[in-house]
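Engineer: Here it is, the structure in full.
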Amino acid sequence: MAGCTTTRLEEQTNLPFEILEGESVVITSNSYHVGNETETDFLQCINKSLIKKQKTFNVIPTQQFINQLYPWFEPRTAPQTTDDLSSFLARDLVRERIETLDVKYFVNISGQTKTNSSSGALTCAAGPGGGGCFGLAWWDDTSSYSASIWDLSQESSVGNVSASVSGTSVIPALVIPIPILARTQKTACEELTDQILDFFSRN
Amino acid sequence: MNINHKLLLLLVVLCQSCTQSIVINTTVPEPLVEKIENFNLAVIYEDNIQNYQYENINSESSACCEIDFSDSQLNLFRKILQSFFPGLIELPNNNSEMLSNVDLYMEPQLDAFEFLSPEESRNDKYAVWLKYKIDIYDNKKTLLSNWYITGYGEQSTGSFGVSESLTKAIDLALRDTGVNLAIKIEDDFDKLVKLISTDL
């Protein structure tokens, strides 16, 4: 069973751009050195979802791209803003590798899932004659993520999309606990992927 | 053996089996760096680079207590140094002879390894620090410089288990050491070559 969720989507286009069939994009995220908290599994979800939902452009899996560019796309060395792109691309070997991989865009993801509040109580006990739980617990989660599309040829952000999903999860228990979870992160992943695809389809 | 001794023995056996042990098998990718041709570098790895084993018997954290780095550090230094210096020569750490075809000797050693568990840092992350000291000698074994190379890695416990998070944080710290070593060689290698020229 799934709990109810509320979704808010936003989109902004800054500059004209185009992506051609066969060109590649890479999902990136800012480093923990600058306090980024985006979960690794969320980035993996976006990678998988983008690969599954379209065949027009290639999505190079993030870790594969990081390994191809080692040591220049590690947390310490990867560009954190579009202002860093020119110095990043100034390395001949980096530029050549990016050209070989035909990477045109970085999709830079930021955001995280937070639990805003939780309440209620749930007690479980077990004895020789059996066991069970009793009570009611609930909590509110908000998964708020945005994607900034960085054009490597223009060395700037051509647009942003965002998805914010809120939901309340509940676990009522009368002997057996029945979790009714609001899967806000999974919904945000699906919504943000659709937003990114929608953005690229309008070039 | 009375019941108390048996219980004590059982407790000791149980505690032994509870000790967590982690083996690190980090492999770094082939670095994307410009080769430095016509320069002969010899490297002598200290024992704590070749097979470092960390043991924290006083740890109260749930993180761990035994970490076997196996040959992860050795592979890291080999990969980075060989990518810059195609003719890298590796010498045993009891080597005392001076080779006529060597321009520089490098002796890396692990200076410090520290980590913080989520309980200690009061967040949901493991944070790992590595610090290496690299002594650099000219071809007459005169000390030219000391490089200090650090590495930092962190990993939240979110979707990972305890040992997996710590392993991932160490993996990131080792990769970060490789980054800093590559940057140091790019930035400071010319200065070393100038020092050798002055020496001559």
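The values are calculated or read from the model by the stated rules, or taken from the named source; none is laboratory data. What you are looking at is a predicted structure, and each value in this text was computed from that prediction instead of being measured. Counting neighbours? That spans all protein chains shown, and the Cβs are built from the backbone with ideal geometry, glycine included. What goes into the accessible areas is simple: the full protein's heavy atoms, side chains included, and nothing from ligands, DNA or RNA. Shrake-Rupley method; radii C 1.70, N 1.55, O 1.52, S 1.80 Å.
Engineer: Quick one: how many residues across region B:159-183 are more than 11 Å from chain A (Cβ to nearest Cβ), charged (D, E, K, R) and under 19 Å from B:Asp71 (Cβ atoms)?
Structural biologist: Here the count works out to 1.
Engineer: Related question: Of the residues that sit in region A:119-147 and are touching a Ser or Thr at 6+ places or on another chain (Cβ under 9 Å) and polar (S, T, N, Q), which one is least open to solvent (accessible area, probe 1.4 Å)?
Structural biologist: Filtering first and then ranking leaves A:Ser143.
Engineer: Now for a different question. For B:Cys65, work out the one condition from (1) within 14 Å of another protein chain (Cβ to nearest Cβ); (2) within 18 Å of the chain's Cα centre (by Cα) it doesn't fulfil.
Structural biologist: So the condition that B:Cys65 fails would be (1).
Engineer: Something else about it: Just checking, which of B:Tyr148, B:Tyr105, B:Tyr126 is in contact with a Leu (Cβ under 6 Å, 6 or more places away or on another chain) and aromatic (Phe, Trp, Tyr)? Give the derivation first.
Structural biologist: Working: B:Tyr148 fails: in contact with a Leu (Cβ under 6 Å, 6 or more places away or on another chain); B:Tyr105 fails: in contact with a Leu (Cβ under 6 Å, 6 or more places away or on another chain).
When all the criteria are applied, what remains is B:Tyr126.
Engineer: If you go through region B:8-31 one residue at a time, do you hit one that is among the small types (Gly, Ala, Ser), open to solvent by 60 Å² or more (accessible area, probe 1.4 Å) and either at pLDDT 90 or above or not in a helix (DSSP H, G or I) (or both)? If you could, list the steps in order and put the result at the bottom.
Structural biologist: Of all residues in region B:8-31, those among the small types (Gly, Ala, Ser) come to B:17, B:21.
Applying the additional criterion that residues be open to solvent by 60 Å² or more (accessible area, probe 1.4 Å) yields B:17, B:21.
Keeping just the survivors that are either at pLDDT 90 or above or not in a helix (DSSP H, G or I) (or both) gives B:21.
Yes: region B:8-31 contains one or more residues that are among the small types (Gly, Ala, Ser), open to solvent by 60 Å² or more (accessible area, probe 1.4 Å) and either at pLDDT 90 or above or not in a helix (DSSP H, G or I) (or both).
Engineer: Continuing with the same structure: Within the set of pairs 6 or more residues apart or between chains, which connect a residue that is facing chain B (nearest Cβ under 8 Å) inside region A:56-72 to a residue that is open to solvent by less than 10 Å² (accessible area, probe 1.4 Å) with Cβ atoms less than 6 Å apart?
Structural biologist: A:Pro71/B:Gly178; A:Pro71/B:Val179; A:Pro71/B:Ala182; A:Trp72/A:Val94
Engineer: Within region A:1-10, restricting attention to residues that are open to solvent by 70 Å² or more (accessible area, probe 1.4 Å) and in a strand (DSSP E or B), which residue is modelled with the lowest pLDDT? Spell out the reasoning first.
Structural biologist: The first filter runs over region A:1-10 and keeps only residues open to solvent by 70 Å² or more (accessible area, probe 1.4 Å), leaving A:1-2, A:4, A:6, A:8-10.
Pick out the ones that are also in a strand (DSSP E or B) and you get A:2, A:6, A:8-10.
Details: A:Ala2: 71, A:Thr6: 90, A:Arg8: 87, A:Leu9: 87, A:Glu10: 86.
In this case the residue turns out to be A:Ala2.
Engineer: Do you know which of the residues in region B:122-158 that are of a type in the set (Lys, Arg) and in contact (Cβ under 8 Å) with a residue 24 or more places away in the chain is farthest from the other protein chains (Cβ to nearest Cβ)? It would help to see each step written out before you state the result.
Structural biologist: Taking region B:122-158 and keeping what is of a type in the set (Lys, Arg), we get B:122, B:125, B:131, B:133, B:140-141.
Still in the running and in contact (Cβ under 8 Å) with a residue 24 or more places away in the chain: B:125, B:133, B:140-141.
Values: B:Lys125: 8, B:Lys133: 20, B:Lys140: 32, B:Lys141: 30 Å.
Restricting to residues being of a type in the set (Lys, Arg) and in contact (Cβ under 8 Å) with a residue 24 or more places away in the chain, the top hit is B:Lys140.
Engineer: For a quick check of your reading: which helices (runs of 4 or more DSSP H) sit entirely within region B:43-156 and have at least 1 residues that are touching a Gly at 6+ places or on another chain (Cβ under 9 Å) and open to solvent by less than 70 Å² (accessible area, probe 1.4 Å)? Let's see the steps before the verdict.
Structural biologist: On the way: elements: B:47-50, B:72-84, B:118-121.
Correct list: B:72-84.
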